[in-house]
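Readers should treat all values here as calculations from the given coordinates under stated rules, not as data from a laboratory. Predicted model only: the values in this text are computed from it and were never measured. Methodologically, a virtual Cβ is constructed for each residue, glycine included, from the backbone with ideal geometry; neighbour enumeration extends over all protein chains shown.
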Ligand code: NAD
Ligand code: UDP
């Protein structure tokens with residue numbers, strides 16, 4: 001198949017391009033390189049089935065493709081808050097442009113949604129049926145509400161125009177090719193530990209997250225796109241739940257060195273807990289993460305050692 005990946009030069013997008021090429025597809029990678037990097041796809045540029053197009057998803061685009069994966073959107077809080085109006089435009093107009101193209105060329109279209117649609121969840125763990133607890137006017141809203149509106153658009157195009165959609169809600173995912181300075185907790189802790197700096201735990205560090213290794217997630221993407229039992233939304237993430245203090249301690253143990261843990265103020269609207277209920281993904285796609293946190297962190301540390 002010929003497949004369009006928006007955001008294909010980013011962390012997740014570049015791993016997805018690798019996988020799709022390995023599976024024998026042709027890949028068009030569209031990215032404006034806001035948070036993505038050419039180094040993420042440098043090894044693919046000479047591949048005969050790979051094409052890179054520098055373009056912004058808020059401007060219309062046309063490609064003759066059979067599938068579209070829409071991943072274009074900054075994902076780390078510092079990056080998506082850098083230009084919040086642009087973040088909302090990227091989510092909403094990017095979704096409209098992908099859906100319009102999918103409708104025209106009759107492509108199956110995949111949306112990389114997020115656990116952020118659950119906000120600071122009052123239900124734990126979060127099943128897909130939970131509607132969320134989201135602040136519509138806070139610092140995280142450009143991302144959370146942008147992604148919620150994108151889901152709305154996906155389901156309206158599906159109901160109104162019979163567009164063949166797939167929607168996944170991704171929980172925190174980490175691995176090689178995360179941007180070393182993107183401000184997310186895994187990359188921050190590893191880079192700080194490798195440089196011998198103190199690890200910055202925000203708040204008391206008792207807030208929880210669930211961390212999925214990138215290879216497990218990409219397998220989930222591909223299974224979701226192949227199956228026909230559901231259009232989603234479906235949670236993809238690792239149900240192991242850790243406090244940020246536990247993550248900091250594990251990172252220190254694996255990296256070694258003299259770094260200490262220091263506390264910094266907790267950002268506004270920071271969700272207190274997050275863990276996916278992946279019953280649906282287990283039942284429908286026989287999907288479940290295989291890489292434990294310690295093993296995934298070690299692989300990620302090995303990658304970041306090449307970046308310092
Ligand atoms: P990333 O920042 O590495 O990748 C995003 C990519 O989108 C980058 O290459 C960036 O340059 C590109 N992009 C941003 N705005 C664009 C625009 N207007 N036009 C074209 N390209 C644009 O982040 P990631 O972690 O790889 O996230 C990929 C997708 O997965 C995002 O949609 C994100 O919301 C979603 N997601 C990721 C996680 C996670 O933990 N990694 C969790 C939930 C959802
Ligand atoms: N966090 C932290 N130190 C950091 C970066 C993040 O303690 O240097 C915390 C942050 O407050 C949040 C958790 O780690 O509670 C996950 O943050 P991240 O930005 O990675 O993702 P998100 O909040 O979107 O899940």
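In which sequence would 221, 50 go, from the one with the fewest C-beta neighbours within 10 Å to the one with the most?
On the way: 221 23, 50 20.
Result, fewest neighbours first: 50, 221.
Computed over the Cα atoms of the range 148-241, what is the ratio Rg over Rh, Rh following Kirkwood? On the Cα set of the range 148-241, Rg over Rh gives 1.09.
Viscosity 1.567 mPa s, temperature 4 °C: give me the Stokes-Einstein translational D for the range 73-119 in µm²/s, with Rh taken as the Kirkwood radius over C-alpha pairs.
Values: Rh = 11.9 Å.
Translational D for this selection: 109 µm²/s.
Shown for 98, 142: other C-beta atoms within 10 Å of each C-beta, ranked fewest to most, produce the order 142, 98. The Cα-based radius of gyration of the range 160-308, divided by its Kirkwood radius, gives an Rg/Rh of 1.03.
Please report, to one decimal in angstroms, the Kirkwood hydrodynamic radius of the range 252-308 built from all distinct Cα-Cα pairs.
Radius from the Kirkwood sum: 15.3 Å.
Using C-alpha pairs below 8 Å separated by at least 6 residues, the relative contact order for the chain is 18 percent. Peptides 272-280, 294-302 ranked from most to least packed give 272-280, 294-302, packing being the mean of other C-beta atoms within 10 angstrom over each peptide's residues.
Let me know the Kirkwood hydrodynamic radius for the range 1-160, please, with Cα pairs as the basis and the value in Å to one decimal. After inverting the pairwise mean of 1/r, the radius is 16.1 Å.
May I ask for the angle, rounded to the nearest 10°, between helix 84-105 and the longest principal axis of the chain, with both axes built from Cα atoms and the value confined to 0 to 90°? With rounding to tens, the tilt is 30 degrees. For the range 151-277, averaging the sequence separation of C-alpha pairs within contact (under 8 Å, six or more residues apart) and dividing by the residue count gives a relative contact order of 36 percent. Per-peptide packing, taken as the mean over residues of other Cβ atoms within 10 Å, places 15-27, 99-111, 195-207, 69-81 in the sequence 69-81, 99-111, 15-27, 195-207 from highest down.
If you build the convex hull over the alpha carbons only and average its shadow over all orientations, what do you get for the chain? Give it in nm² to one decimal.
Details: hull surface 57.9 nm².
Result: 14.5 nm².
Using C-alpha pairs below 8 Å separated by at least 6 residues, the relative contact order for the range 19-163 is 22 percent.
Arranged from highest to lowest average of other beta-carbon atoms within 10 Å per residue, in what order do the peptides 175-184, 250-259 appear?
Working: 175-184: 19.2, 250-259: 15.2.
Descending mean neighbour count gives 175-184, 250-259.
List 165, 85, 218 from most exposed to least, where exposure is judged by having the fewest other Cβ atoms within 10 Å.
On the way: 165 24, 85 8, 218 20.
By the 10 Å Cβ count, ascending, the order reads 85, 218, 165.
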